[in-house]
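Working notes for the structure below.
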Amino acid sequence: MSLQGNSENYFGGQDQGKQGEEYMEGEKRYAWVEVNLEAVRQNLKRFRKHVGPDVRIMAVVKADGYGHGAPQCARAALSTGATMLGVATVDEGVALRHAGIAAPILVLAEPPMEAIPLILQHQLLTAAHSTEFVLALGEAADARGTVAGYHLKVDTGMNRVGIHYSDAGDFLRTISFHRGLNLQGVFTHFATADDVDTYDFGVQMRRFEESLHNIRYMGYNPGMVHAANTAATIRYKQSHFNMVRIGIGMYGLHPSEITKSMVELHPAMSVKAKVSLLKSVPVGEGVSYSFTYRSPGNVLIATLPLGYADGVSRALSNRMDVLINGQRLPQVGNICMDMLMVEANMRGSMLKPRANIELGDEAVIVGRSGNEAITLDDMARVLGTINYEIACRFGMRLGRVYLD
Ligand SMILES: *Cc1c(COP(=O)(O)O)cnc(C)c1O
């Protein structure tokens with residue numbers, strides 16, 4: 001096990017001089033994200049079974065692997081049959097190259113022109129949809145004596161980025177003269193693949209088919225054709241084409257309620273911390289900023305060394321639970337930037353004995369403890385958002401421990 005990331009020394013000073021060495025779990029800071037790489041591999045095997053042997057799998061590791069760590073998850077994915085990686089920015093692609101990853105990497109949206117030298121230097125593939133960008137890419141490649149590969153992004157209705165689906169053929173005709181360019185793929189992205197309603201998905205599918213037809217009719221080879229994100233991969237076989245792009249699913253999370261009964265996935269992320277202080281707080285005393293909680297009796301308050309700068313949204317204050325030794329305990333008081341407090345139990349009564357908690361015990365913010373579990377979906381529901389966002393947030397500051 002190794003602890004990575006920019007965690008800091010919460011308890012002050014005692015590990016100075018250890019910089020650069022490998023840290024054991026909890027040695028540097030008593031809060032961390034645990035990533036189960038075996039779960040990532042299991043999930044990818046499950047998707048391989050689902051799409052069959054003839055469809056390629058792109059592992060989408062943007063936003064530092066949805067907060068799970070991009071290089072580690074990329075390696076786990078590549079070892080289980082993914083053949084390409086997807087990122088959102090050129091910087092993310094370069095970071096993977098610096099981590100020693102040689103697999104094909106596609107930047108999923110057209111980057112700024114200024115990034116072209118880096119794209120060529122690190123042999124990244126990029127999405128493109130404007131003639132200005134693509135011609136500049138071709139010129140730069142030609143000047144280096146190489147050919148730049150790119151995937152044409154087609155907008156079939158999400159109205160975000162991409163060339164309009166009826167213009168794809170004309171686009172290729174405009175730029176096809178350039179010897180520095182190599183069209184390696186054509187792709188689109190679905191806006192509603194996770195919706196109960198299937199109508200809008202169908203519209204996007206038909207538009208994509210139409211653009212592919214035009215491209216082929218005009219004599220161009222689209223190369224790799226891909227469209228499906230996790231939700232479409234699970235629900236719509238007709239959207240698989242040559243490759244599927246799996247993001248959220250490889251981390252063991254579902255894109256929506258609908259897919260939960262369709263494939264079994266194993267969440268890879270847990271968030272844990274050690275109880276760093278336990279104290280009795282007498283009745284009426286407030287806890288944390290603004291005293292949104294006051295002790296209802298003689299309670300035991302446990303302090304955990306993580307807060308909203310680590311990804312535990314402040315909007316969860318007094319609305320979330322924490323698991324300690326298999327017990328579900330309420331978080332109380334406002335969540336601070338670097339700490340949060342838990343009502344570790346009333347100090348004993350005949351009906352409710354004092355919680356069995358000691359300093360240094362492991363608290364589970366996301367994950368399992370005994371028979372209890374807290375999921376990213378639980379948190380997302382309370383916050384009115386999606387599991388994707390919560391997972392990314394836990395990638396901000398916490399160090400990560402990898403279980404291989
Ligand atoms: C993020 C992203 C994906 C992955 O989507 P999931 O729902 O996480 O599977 C696929 N394609 C594109 C273009 C993306 O930006």
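The values are calculated or read from the model by the stated rules, or taken from the named source; none is laboratory data. All values derive from a computational prediction rather than experimental measurement. Here the Cβ is made from the backbone with ideal geometry for all residues, glycine too, and neighbour counts use every protein chain on show. In case anyone asks, the SASA skips ligands and DNA or RNA and just uses the protein heavy atoms, side chains included. Shrake-Rupley method; radii C 1.70, N 1.55, O 1.52, S 1.80 Å.
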task = With both partners inside the chain, how many of the DSSP beta bridges are antiparallel, as a percent to the nearest 5?
result = 55
Check: the chain dipole with +1 on Lys, Arg Cβ and -1 on Asp, Glu Cβ, in debye = 620
query = To the nearest 20 debye, what charge dipole does the range 37-253 have about its Cα centre, counting +1 at the Cβ of each Lys and Arg and -1 at the Cβ of each Asp and Glu?
reply = 860
task = Label the range 37-253 by shape, choosing from rounded, prolate and oblate, from the square roots a ≥ b ≥ c of the eigenvalues of the Cα gyration tensor; if a/c is under 1.5 it is rounded, and otherwise prolate applies when a/b is larger than b/c, oblate when it is not.
result = oblate
query = For the pair residue 160 and residue 358, what calculated FRET efficiency results from E = 1/(1 + (r/R0)^6), where r is the Cβ-Cβ distance and R0 = 60 Å, to the nearest 0.05?
reply = 0.75
task = For residue 105, enumerate residues with amide H under 5 Å from its amide H, sequence gap 5+ or separate chain, H modeled in the peptide plane.
result = 85, 125
ask   = In the chain, with Lys and Arg counted as +1 and Asp and Glu as -1 at Cβ, which of these residues, 59, 322, 208, has the Cα nearest the positive end of the dipole, that is, farthest along it?
value = 322
remark   = Amide H proximity to residue 181 below 5 Å, modelled H, separation 5+ or other chain, gives 148
message = Per residue, how much accessible surface does the chain expose to a 1.4 Å probe? Answer in Å², no decimals.
response = 44
message = Order 129-135, 97-103 from most to least packed using the mean count of other Cβ atoms within 10 Å.
response = 129-135, 97-103
request  = Go through 62/260; 49/272; 45/237; 62/237 and tell me which ones have a Cα-Cα distance over 26 Å in this structure.
outcome  = 49/272
remark   = Simple SL model, points at 7 angstrom along Cα→Cβ for residue 49 and residue 277; separation in nm is 4.9
message = Working only with C-alpha atoms, what are the Rg and Dmax values of the range 301-400, expressed in angstrom?
response = 13.5, 43
request  = Collect residues whose amide H, placed 1.01 Å from N in the peptide plane, falls under 5 Å from the amide H of residue 243; neighbours closer than 5 in sequence don't count.
outcome  = 56, 225, 227
message = With θ taken as phi - 60° and the coefficients 6.51, -1.76 and 1.60, list the Karplus ³J(HN,Hα) couplings across the range 106-120 in order, rounded to whole Hz; mark glycine and proline as x.
response = 10, 7, 6, 9, 4, x, x, 3, 4, 8, 4, x, 5, 4, 6
inquiry  = From the phi angles alone, apply the Karplus equation (6.51, -1.76, 1.60; θ = phi - 60°) to the range 239-255 and give each ³J(HN,Hα) in whole Hz, x where the residue is Gly or Pro.
reply    = 9, 6, 6, 8, 7, 10, 10, 9, x, 3, x, 5, 8, x, 10, 9, x
request  = Select from 66, 199, 150 the residue whose mean-square fluctuation is largest in a Gaussian network model of the chain (Cα-Cα springs shorter than 10 Å).
outcome  = 199
inquiry  = Which three numbers, in whole Å and largest first, are the semi-axes of the equivalent ellipsoid of the range 112-183 derived from its Cα gyration tensor as √(5λ)?
reply    = 21, 14, 9
task = Using only the C-alpha atoms of the chain, find the volume of their convex hull and express it per residue in Å³.
result = 158
key: Estimated vicinal HN-Hα couplings, Hz - the range 98-104 in sequence order (Karplus 6.51, -1.76, 1.60; Gly, Pro = x)   = 4, 7, x, 8, 9, 4, x
ask   = How high is the FRET efficiency from residue 315 to residue 373, r the C-beta distance, R0 25 Å, rounded to 0.05?
value = 0.70
remark   = Here the gain from full extension of residue 382 to residue 261, 0.36 nm per residue of separation minus their alpha-carbon distance, amounts to 41.4 nm
query = What's the carbon and sulfur percent of the chain's accessible surface, probe 1.4 angstrom, rounded to a whole number?
reply = 50
message = Please compute the contact order of the range 37-253 in relative form: average sequence separation of alpha-carbon pairs under 8 Å and at least six residues apart, divided by the residue count, as a percent.
response = 20
task = Sketch the reach of a paramagnetic label on residue 221 as a point 7 Å from Cα along Cα-to-Cβ, and name the residues of the range 164-204 whose backbone nitrogen lies under 12 Å away.
result = 183-185
